[in-house]
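A short reminder: the numbers here are calculations on the coordinates, not readings from a lab. The structure presented is a predicted model; accordingly, all values stated were derived computationally and were not measured. No Cβ is skipped: glycine too gets one built from the backbone with ideal geometry, and neighbour counts run over all protein chains shown.
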Amino acid sequence: MTMPIMTAERQRLRVELGARAYDIVVGAGLIATAGHEIRPLMRRPHAVVVSDDNVARHWLEPLLASLAAAGISYHTVVLPPGEETKDLAHFGRLAEDVLACGLERGSMLIALGGGVVGDITGFAAATLLRGVDFVQLPTTLLAQVDSSVGGKTAINAASGKILIGAFYQPRLVVADTDVLATLPRRELLAGYGETVKYGLIRDAAFFAWCERQGNALCGLAPEPLRHAIVTSCQMKAEIVAGDEREEGERALLNFGHTFGHALEAETGFSSRLLHGEAVALGMVLAFGFAARLGLVAEGEGERVRRHFAAVGLPTRLAEIGLGEVAPERLLAHMAKDKKVRDGKLTLILPRRIGEAFIMRDAPTAELRDFLAAA
Ligand code: GLY
């Protein structure tokens, strides 16, 4: 077997989870050598690659060639693209299709795609044959900086999003920055929102770097892109290593998500508002609400809003057609958040750029007034 080509552009990080520890490899041209990365992790040289139509068109053949070159036999299952795929009906079909490929305990599932493919494939890996190994090959910026790392796997239920799932860690994450070239710009920007999140919750210097390099990154400049993915994955790896099952600090990764989720629900979880766009807007709202409570200086939120606007992310409710939305509607969506305990809302709020905290029992009357004026 030929050894993988190691280039200066390739960086390797580790998620330290004891027996479940794994590497994240970030760099250009990694799909071409993915087979050689994956082969040493396999108990049996057989893989089932799960992808979607959009991603498969560009990246499935190069991946299969790379698996073949590493002596790995494979089957493929290609799903329809989009969030609708993440339901029980599609999961049922996926499970049957994967089993029909001759899946054994020693086989490897490979998720080649964005968050939807990663989530549904990860959940298949967690459940089929009571657990098989899987590898994440994330193909969106959002998946590369967030959803492919940390082992959250889930599908949607009729009664709510991502309610059926498991914490189940991959054996390896391979983030090939070349694949982002075929990503629509709007998707790239949405992923950028989740990238900036790490600066806002934990690293003011990284946020300042984003202010300087954000436009170059969103123009796909290779070095800023690689730096941002590595920095984000490094922070995510540290957080997950310290709190795998979200009993503490990991909840900070949900910064902007409770507000964002309400906006997604109000826009019908449709292409009107992408998840990362909702999170960016949700983070701006979180700064605004924290300022109203006197917890953060007004100027901090304005700096964040200016940066998102500068790269082309929506930063005001009016921009997404929700300028006139009744605050009660958003509050009702927020009340269904998974973090609600005994009817009390938990929010992740900023103290300053670079530091966030968990507020349990957020004051709903204040929140209503804030949303009415937003
Ligand atoms: N996306 C948030 C987390 O993985 O915890």
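In table form, for the structure just shown:
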{"item": "Potential extension, residue 185-residue 297 segment - 0.36 nm per residue separation minus Cα distance", "result": "37.1 nm"}
{"item": "Relative compactness, segment 157-222, computed as alpha-carbon Rg over 2.2 N^0.38 Å", "result": "1.43"}
{"item": "DSSP bridge pairs, the chain: antiparallel proportion in percent, nearest 5", "result": "40"}
{"item": "Reachable lysines, given that their alpha-carbon falls under 23 Å from the alpha-carbon of residue 197 and they are not under 8 places away in the same chain", "result": "152, 161, 236, 336, 338, 339"}
{"item": "Globularity ratio of segment 259-374, using Cα Rg and 2.2 N^0.38 Å", "result": "0.99"}
{"item": "Length gained when the stretch residue 166-residue 270 is fully extended (0.36 nm per residue, less Cα-Cα span)", "result": "35.0 nm"}
{"item": "Rounded, prolate or oblate (a/c below 1.5 giving rounded, otherwise prolate when a/b exceeds b/c) for segment 79-157 by Cα gyration tensor", "result": "oblate"}
{"item": "Per-pair calculated FRET efficiency, R0 = 35 Å: residue 93 and residue 249 via Cβ, rounded to 0.05", "result": "0.40"}
{"item": "Where only alpha carbons of the chain are counted, the Rg and the Dmax (Å)", "result": "20.2, 64"}
{"item": "Compactness of segment 163-288 as Cα Rg over 2.2 N^0.38 Å, two decimals", "result": "1.08"}
{"item": "Angstrom value of the Kirkwood radius, inverse mean 1/r, which spans all Cα pairs in segment 277-316", "result": "9.9"}
{"item": "Kirkwood hydrodynamic radius (C-alpha pairs) into Stokes-Einstein, segment 1-109, 25 °C and 0.890 mPa s, D in µm²/s", "result": "159"}
{"item": "DSSP-loop GluC sites (Glu not before Pro) across segment 275-374, with at most 10 other Cβ within 10 angstrom", "result": "324"}
